[in-house]
Amino acid sequence: MLSSPLSLEGMMRAWWLVAVLAVGGCKKEAGTAPGQTAAPGDAPGPTAKAPAPPPPPAAPALIHVGPRQLWDAYADNEVAADMKYRGKQVEVTGLIQDIAKDATDNILVSLDVGERMSAVMCLVPDGQMQAVAELSKGQLVAFHGTVRGLFLKRPIIKDCRVAWAGPKAKEKVDPKASLHIARSTELCLLTWMTADIMATKSRLPDGGAITEEAVRAALLSTDQGGAIANMEKKARADIAETGETAIPCDAPLLKQVFYCEDDEHAREPACQLRLMKDSQAQLQR
């Protein structure tokens, strides 16, 4: 088990910082040294490599934000919140407060923020009508959409699409589910950290392109690398015993478990769910 006294989320922040420095210290494996040119007539060595082509532009990543987090940002400073979120594509996971239509027959799904007479409003296109018809109040759900800003003191997300729907409010959940969720989350930590660093750093100091293999190697070479490898080994063994397969790393449920690990998100209604708390309790520390 991990010996860190930090939350898993806190430990990952520290690991990320160390890994960025490790990746930043990587060097090209072969070829002429940075800033050095080959003498005229010299043939390139057997290990010489052509400069790596620039990486293709990455698609804008979805910003994971909780309903309460978004509501707090707009309640504190609408201008700053607009600069951070307006026009951005987000993944918002929360508890359904209400499902309704407005005066012009637009579908509206309200997400709980833990405040009376307030919510984050998701505007759902007609193409999602069937998906919304299968939802119910109190259900945990993930939407993908674009933040439009504030309207009548409520943050608005437009073009909402149902990305995932969890168990309904009164639906019984298998007690073993929390272990499966926790172990799947642990198996995704390295993948998430690798993607995060690659999105942050596109080049090595010598101009070489950062590769997924280089980032993963750098992560595993840190002080936490051995602990992470052992954690993954146990996670795979525990999942194998259940006869299940690991939940995919892009599943909103896993991201929500990791999100709720941060004490800053303790006020999120979704983080108070028994399923969330039980899954967090199963995480290796």
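The mean sequence distance of close C-alpha pairs (under 8 Å, at least 6 residues apart), as a share of the length of segment 111-227, puts its relative contact order at 19 percent. Can you give the local net charge around ILE239? Use residues other than it whose beta-carbon is closer than 12 angstrom to its beta-carbon, Lys and Arg +1, Asp and Glu -1. Counting the neighbours of ILE239, the net charge comes to 0. Highest mean first, the peptides 231-237, 135-141 sorted by other C-beta atoms within 10 Å per residue fall in the order 135-141, 231-237.
Note: segment 126-238, Cα convex hull, 201 Å³ per residue. At a probe radius of 1.4 angstrom, the accessible area of segment 109-201 per residue rounds to 49 square angstrom. Residues in segment 119-133 carry Karplus couplings, in order, of 5, 9, 9, 9, 8, 9, x, 4, x, 9, 4, 5, 4, 6, 4 Hz; the curve used is 6.51 cos²θ - 1.76 cosθ + 1.60 with θ = phi - 60°, and Gly or Pro positions show x.
Counting Lys and Arg as +1 and Asp and Glu as -1 over every other residue whose Cβ lies under 14 Å from the Cβ of ILE156, the net charge comes to +2. Note on LYS137 and ALA61: with the Förster distance fixed at 30 Å, the Cβ-Cβ geometry gives a FRET efficiency of about 0.50.
Projected onto their three principal axes, the Cα atoms of segment 240-285 cover extents of 35, 21, 19 Å, largest first. For segment 189-279, the relative contact order works out to 16 percent when only alpha carbon pairs closer than 8 Å and six or more residues apart are counted. Give me the percent of accessible area attributable to carbon and sulfur for segment 142-285, probe 1.4 angstrom. About 52 percent, which is the carbon plus sulfur part of the accessible surface. Using C-alpha pairs below 8 Å separated by at least 6 residues, the relative contact order for segment 60-173 is 26 percent. The packing ranking, built from the mean of other Cβ atoms within 10 Å per residue, places the peptides 102-108, 127-133 in the order 127-133, 102-108, highest first.
The values are calculated or read from the model by the stated rules, or taken from the named source; none is laboratory data. Predicted model only: the values in this text are computed from it and were never measured. Methodologically, a virtual Cβ is constructed for each residue, glycine included, from the backbone with ideal geometry; neighbour enumeration extends over all protein chains shown. Calculation scope for accessible area: heavy atoms of the full protein, side chains included, ligands and nucleic acids excluded. Shrake-Rupley method; radii C 1.70, N 1.55, O 1.52, S 1.80 Å.
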